[in-house]
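*Asks:* I have a structure I would like to understand better, so I am pasting it below and will then ask my questions one at a time.
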Amino acid sequence: MVISQDRAYSLKEAADLLGISYNYLVNKVTKSKELKTVNIGTEEKPIFRVTQQSIDEYRSKHSTGEQNTIRNAIAELQNIRKSVIISYLTSTSNLIEPIDALFFSDVIEDIKTRKSISGKIPVLDIFINSYGGSLDAAYKIARILWQYANKVNAIVPINAKSAATAICIGTREITMTPVSELGPVDPIIEDPISKNKIPARSIKIFLSYQSDQLRLQADKIDPQIIGKLGDKLDPLLAGAYFNAINTSKEYLRILLNNYMFSRTKTEEEIEKIVENLTETHYSHAFVIDNQESQKIGLNTRIATKEEDKAIKKLMTFYSQFMNAQGLTKLVGNEFWQIQQGKRG
C-alpha cells in the first residue's frame with residue numbers, strides 16, 4: 001500500500017495502516033470520534049475516507065499503546081537474534097488455512113519494503129503460536145518463507161501443534177522456551193457426512209481397536225455387533241484417512257530433507273523422524289517439548305535467558321492485543337498486523 005500525505009484512505013485501508021481491526025476503527029470513527037473522516041460521496045450516499053493527517057494524529061496520541069508495544073518487543077527480539085521476524089498466531093476457533101498464505105506474502109513484502117531489502121532476507125524468523133489446521137496450507141507456508149529468505153528459523157513461545165509443527169519442521173532451527181511444545185503431525189480430515197473435522201489418527205485408533213477385537217475375540221462377539229462397528233465408519237472417511245496420513249508423511253520428508261537438514265540426513269534417519277511424528281503417539285495433543293524434540297532428532301534448542309525474556313514479553317503483548325480486540329488470527333511484522341478473524 002502506497003502511503004501518501006495527500007490521499008484519504010478507505011476504512012479498511014486505514015485499519016491496516018494502523019494495525020487495528022476494521023470494527024475497532026469504525027468504533028473510533030463513529031463513537032469516540034478519535035479518527036476524523038471526510039465524505040467524498042454525497043449526503044444521500046456518503047463514502048467516508050480517513051485522512052493521512054488523522055492517521056498521523058492517532059498514531060501520535062496512541063504511541064504508547066498496544067501496537068507500539070508489540071513493535072518495540074519485536075524490534076528487541078530482532079536485535080537479539082539479528083533477524084527479521086514475522087508473526088503468526090491462531091486460536092482453536094480459527095486454525096491454519098490455505099488463504100493464510102496470501103497474507104504471508106503481503107507481510108513479508110511489506111517488511112522488505114520498509115527495511116529496504118532488495119534481495120532475499122538474510123535471516124527470517126517466524127514467531128508462531130498455533131494449534132494447527134490444514135497441513136496442505138502449512139506445507140505451502142513453509143515453502144513460501146524460503147522464497148523470501150536465505151535462512152528461516154522458527155520461534156515457538158507456547159504451542160505449535162500438528163500443522164504448526166510442520167511449519168516449524170520446514171525451518172532450519174526451532175527455538176523453544178521451557179514451556180514450548182510441538183505435537184504429532186496429525187492431519188485433520190472432514191467427515192463426508194457430518195462435515196465435522198476429525199484428527200486422522202482417531203480413525204486409525206478405531207480401525208486398530210476393531211481389528212484387535214476381531215482377532216482376539218472373534219468367537220465371542222455377536223456378528224451383528226461386528227457389522228454395526230463396521231457401519232460406524234464411512235468408507236470415504238477411511239479412504240480420506242489413509243490419503244491424509246500418506247500425504248502428511250510425504251510433506252514431512254520434503255520439509256525435513258530440503259530445509260531443516262539440507263540433505264545432510266540419510267533416508268533412514270529422515271524416515272525415523274517422520275514415523276515418530278505421525279505414527280508413535282496416540283493423542284493429537286501429545287506434548288513434544290524441547291527435550292523430546294531433540295530425542296526425536298529435530299533441530300531444536302532452548303532460548304537463551306535474553307531470548308526467553310523477549311519471547312515472553314512479545315507473546316504477552318500479542319495476547320493482550322488479540323484479547324482486547326477479540327481477534328482469533330493474526331499475521332504480522334514489526335510495523336503491520338493483518339487481523340484475519342474476530343470472535344463473534
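*Asks:* Considering amide H positions built from the backbone, and no H for Pro or chain starts, which residues 5 or more places from Thr328, or on another chain, come under 5 Å of its amide H?
*Replies:* So Thr328 has HN proximity to Gly341, Lys342, Arg343.
*Asks:* Moving to a separate point now. Subtracting the Cα-Cα distance from 0.36 nm times the residue separation, let me have the gained length for Gln52 to Ser93 in nm, one decimal.
*Replies:* 11.3 nm
*Asks:* Simple spin-label model, 7 Å along Cα-to-Cβ: Asn23 to Glu292 in nm?
*Replies:* For the pair Asn23/Glu292, the computed spacing is 3.5 nm.
*Asks:* In sequence order, what are the phi-derived ³J(HN,Hα) couplings for segment 33-50 according to the Karplus relation 6.51 cos²θ - 1.76 cosθ + 1.60 with θ = phi - 60°, rounded to whole Hz, with x for glycine and proline?
*Replies:* Karplus values, whole Hz, x for Gly and Pro: 6, 6, 10, 8, 10, 10, 9, 9, x, 10, 5, 6, 10, x, 10, 8, 10, 9.
*Asks:* Within segment 241-344, list the trypsin sites (Lys or Arg not before Pro) lying in a DSSP loop whose Cβ has at most 15 other Cβ atoms in a 10 Å radius.
*Replies:* On the way: sites: Lys249, Arg253, Arg263, Lys265, Lys272, Lys295, Arg301, Lys305, Lys309, Lys312, Lys313, Lys329, Lys342, Arg343; in loops: Arg263, Lys265, Arg343.
Sites meeting the loop and neighbour criteria: Arg263, Arg343.
*Asks:* How big is the Rg/Rh ratio for segment 8-61, C-alpha atoms only, Rh by Kirkwood, two decimals? Write out the running numbers ahead of the final one.
*Replies:* On the way: Rg = 10.5 Å, Rh = 11.1 Å.
So for segment 8-61, dividing Rg by the Kirkwood Rh gives 0.95.
*Asks:* ³J(HN,Hα) across segment 280-295 via Karplus (A = 6.51, B = -1.76, C = 1.60, θ = phi - 60°), whole Hz, x for Gly/Pro?
*Replies:* 6, 9, 6, 8, 4, 9, 3, 7, 10, 7, 4, 4, 5, 4, 5, 4
*Asks:* Another question about this same structure. Evaluate the charge dipole of segment 8-61 about its Cα centre and quote only its size in Debye, nearest 20, assuming +1 on the Cβ of each Lys and Arg and -1 on the Cβ of each Asp and Glu. Can you show the working numbers first?
*Replies:* Details: 9 positive and 7 negative charges, 32 e Å.
Dipole magnitude for segment 8-61 comes out near 160 debye.
*Asks:* So, one more: Based only on other Cβ atoms within 10 Å, what is the fewest-to-most ordering of Phe335, Phe321?
*Replies:* Numbers: Phe335 18, Phe321 23.
Exposure proxy ranking, most exposed first: Phe335, Phe321.
*Asks:* Roughly speaking, what is the stretch gain from Arg263 to Ser118, that is 0.36 nm per residue apart minus the C-alpha to C-alpha distance, in nm to one decimal?
*Replies:* Values: separation 145, 0.36 × 145 = 52.20 nm, distance 2.82 nm.
In short, 49.4 nm is gained.
*Asks:* Order by neighbour count: Asp106, Asp136, Asp100, fewest other Cβ atoms within 10 Å first, most last. Please list the in-between numbers first.
*Replies:* Numbers: Asp106 15, Asp136 19, Asp100 24.
Exposure proxy ranking, most exposed first: Asp106, Asp136, Asp100.
*Asks:* Spelling out what I want: for every residue of segment 91-97, take phi, set θ = phi - 60°, compute 6.51 cos²θ - 1.76 cosθ + 1.60 (Karplus), and round to whole Hz; glycine and proline get x.
*Replies:* 9, 5, 9, 8, 7, 4, 9
*Asks:* Output the pairs from Lys151/Lys312; Lys249/Lys272; Lys120/Lys249 with a Cα-Cα distance over 19 Å in this structure; if there are none, say none. Don't jump to the answer; show the numbers that get you there.
*Replies:* Working: Lys151/Lys312 23 Å; Lys249/Lys272 11 Å; Lys120/Lys249 29 Å.
In this structure, Lys151/Lys312; Lys120/Lys249 lie more than 19 Å apart at Cα.
*Asks:* Based on other C-beta atoms within 10 Å, arrange Val123, Val185, Val107, Val179 from fewest to most. Could the numbers behind the result be given before it?
*Replies:* Working: Val123 16, Val185 28, Val107 21, Val179 13.
Going from sparsest to densest Cβ surroundings: Val179, Val123, Val107, Val185.
*Asks:* If r is the Cβ-Cβ distance from Gln320 to Glu43 and R0 is 45 Å, what FRET efficiency results, to the nearest 0.05? Write out the running numbers ahead of the final one.
*Replies:* Working: r = 40 Å, r/R0 = 0.90.
Working from the Cβ atoms, E equals 0.65.
Just so you know, all these numbers are worked out from the coordinates, no wet-lab data involved. Note that the structure is predicted; figures quoted are calculated from it, not measured. When we count neighbours, we look across all protein chains shown, and the Cβ atoms used for this are built from the backbone with ideal geometry, even at glycine.
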